[in-house]
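Scroll down for the structure; my scribbles are underneath it.
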């Protein structure tokens, strides 16, 4: 039987992330980007009516707009994780994991990197280490990829795998991502200036280069270039340029695109086979590996004229090591806390559906619906 019986269930995590994270942001949103964030307190400034205008982090737009903008990052991150554990996790387990992970992993890391007093915030003069992450290389992509890998390891392999459910929908989805990503990257400048324009330009360049590079690598190694491969390469390029988009120029974008195309292809093939984990939609191979490539190369190709911080090529060798520290810290913290959350959920709820449900298909068994 084809994988159509899981198609609708793959959509459910995205709906849950949209609804659940929106509610959590309203309740606990302060712990991510507020200054001197303390323990989570129900009813943050959104519900208390304390929204200012503007927010110090985005002085050019109303704070209500900035809240919604940041909410999109918080929503998409757990939705990416769901790609790793597709077709195996219980719906109740997914609800608990996404909620707890958003509070105890996403929010602290977002605060470290983007918060006004974050320990890694480039805008914090007292930061321990200043890590450059313009639009979410560490906060979103490495974060999601590592958590996805932990989920894939804890859940084990699927009982049934196969080719992509629908190549045309994959192509349409990648195309929509490409266009929408300009909002994430250029929008992170929160102003219509040179930095926003350059972020948009380098996003276009890196994505095209990564897609083309993946195509060439796949063609050389497997003898056939595929549409799925080109789409995967494009997403890898989007991921890798994300942390760098407000800091590098076109030359850096070319390098990051090539690096993403090569490294993410390896992450989705060689690395995956080497360790034998079942990451259904290559969350780790594309998002974690791409995020790491982009974050590290940001430290090499950062241009002071564009983002205010020089990289290795402009004599600031220390920035590369700052990026390494940031990547390593996020990786380890995410992996450890994600595993703890998964163990807790496994004890109290259970993680994986039964073999009978998996064989029947999660769409019908858990949701009473099927995709025809």
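Results, tabulated for the structure shown:
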| read-out | value |
| --- | --- |
| The stretch 193-213-the stretch 223-299 distance, computed between alpha-carbon centres (Å) | 14 |
| Hull shadow area, averaged, the stretch 147-302 [alpha-carbon convex hull, nm²] | 9.3 |
| Alpha-carbon Rg/Rh ratio, for the stretch 102-209, with Rh computed the Kirkwood way | 1.06 |
| Taking only Cα atoms of the stretch 247-372, radius of gyration then Dmax in Å | 20.1, 60 |
| Contact order relative to length of the stretch 3-367, as percent, for alpha carbon pairs under 8 angstrom and 6 or more apart | 22 |
| Neighbour-count order for 139, 337, 349, fewest beta carbons within 10 angstrom listed first | 349, 337, 139 |
| Sorted by Cβ neighbour density within 10 Å, fewest at the top, the residues 181, 266 | 266, 181 |
| Descending principal axes extents, the stretch 251-303, alpha-carbon based, whole Å | 39, 16, 14 |
| Ranked list, fewest to most other Cβ atoms within 10 Å of each Cβ, for 273, 352 | 273, 352 |
| Whole-number D in µm² s⁻¹ for the stretch 58-159, Kirkwood Cα-pair radius fed into Stokes-Einstein, 20 °C, 1.002 mPa s | 145 |
| Surface/4 of the Cα convex hull for the stretch 3-367, nm² | 17.2 |
| Isotropic mean projected area of the C-alpha convex hull, the stretch 269-331 (nm²) | 5.2 |
| For the stretch 204-291: rounded, prolate or oblate by the Cα gyration tensor [a/c cutoff 1.5] | oblate |
| Overall Cα dimensions of the stretch 170-255, principal axis frame, Å, largest first | 45, 27, 14 |
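Every number here is computed from the coordinates shown, using simple stated rules; none is lab data. Small disclaimer: the values here were computed from a predicted structure and weren't measured. Counting neighbours? That spans all protein chains shown, and the Cβs are built from the backbone with ideal geometry, glycine included.
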